[in-house]
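> Structure incoming, see below.
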Amino acid sequence: MLNKLFAAFRASNTEELPDPDAELALGALLVRVAMSDRDYKVAEISLIDRILARLFQHNAIEAAKIRATCEKLHAAAPETDTFAKLIRETTGLSERLAALDALWEVVLADGDPKEDELRVLESARKAMGLSFLESKAARERAMQSRPAHS
C-alpha cells in the first residue's frame, strides 16, 4: 500500500526516487520537522547528518547523501503519517523509540520548539504507535544530550 502511494507521487516527479525504507522514512521525518518552521538551518542539517550516521552506521558523506535523498522524499510525500507508519510497520519498539529521540533532537536543535515542529512530531509519534509518556521521556533525553549554549 505505501509503495503504491509513493509510486503515485513519483509519477508526477521527473526524478526517480527510491522506495523508502525505515531509514529514508526517518530521514524524511527529520527533514520535515527541521523545515516545518520554514527556517532550515545549517545546524539542523548537520544534526540530521550526524543522527543518520549514528543510527545507521554511515560515514559523513554517506549520511549527507541520504539526507539529500530524504529532502526529496519529504518534498514528494504529502503526509507525515506516511513516513511514520512505514517506520511503525517495519521496525521494532526500540527503533521507533530511537526515531522519536532523533525527532526531538531536531526539534530542540534551534532552541525552543516551534508550534509547527511540535505538530509534525506529534503526528509522527501517533502514527508510530508511541505514547505521550514515551514522547515526554524522549524529549527529556534529547534535552540532556544537547550541547550547552553559551
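The values are calculated or read from the model by the stated rules, or taken from the named source; none is laboratory data. In this text the structure is predicted, and so the values were computed from the model without any measurement. Here Cβ is always computed from backbone atoms with ideal geometry, including for glycine, and neighbour counts include all displayed protein chains.
> So Ala98 passes all but one of these: (1) free of Cβ contacts under 8 Å to residues at least 60 places away in the same chain; (2) over 22 Å from Gln144 (Cα atoms). Which condition number does it fail?
So the condition that Ala98 fails would be (2).
> Pick from Arg67, Arg88, Arg141, Arg119: which is touching a Phe, Trp or Tyr at 6+ places or on another chain (Cβ under 8 Å) and not hydrophobic (A, V, I, L, M, F, W, C)? So that I can check it myself, show each step before the final result.
Working: Arg67 fails: touching a Phe, Trp or Tyr at 6+ places or on another chain (Cβ under 8 Å); Arg88 fails: touching a Phe, Trp or Tyr at 6+ places or on another chain (Cβ under 8 Å); Arg119 fails: touching a Phe, Trp or Tyr at 6+ places or on another chain (Cβ under 8 Å).
So the residue among Arg67, Arg88, Arg141, Arg119 that is touching a Phe, Trp or Tyr at 6+ places or on another chain (Cβ under 8 Å) and not hydrophobic (A, V, I, L, M, F, W, C) is Arg141.
> Can you tell me which residue within segment 1-34, out of those that are part of a loop (DSSP other than H, G, I, E, B) and modelled with pLDDT of 75 or more, is surrounded by the most Cβ atoms within 10 Å (Cβ to Cβ)?
Narrowing segment 1-34 to residues part of a loop (DSSP other than H, G, I, E, B): 1, 12-21.
Those still in the list that are modelled with pLDDT of 75 or more too: 17-21.
Numbers: Leu17: 17, Pro18: 12, Asp19: 12, Pro20: 24, Asp21: 13.
Filtering segment 1-34 for residues that are part of a loop (DSSP other than H, G, I, E, B) and modelled with pLDDT of 75 or more, the one surrounded by the most Cβ atoms within 10 Å (Cβ to Cβ) comes out as Pro20.
> Related question: Mind listing whichever residues of segment 113-127 are more than 11 Å from Val33 (Cα to Cα) and either acidic (Asp, Glu) or in contact with a Leu (Cβ under 7 Å, 6 or more places away or on another chain) (or both)? Break it down into steps so the answer makes sense when it comes.
Of all residues in segment 113-127, those more than 11 Å from Val33 (Cα to Cα) come to 125-127.
Within segment 113-127, just Arg125 meets the criteria.
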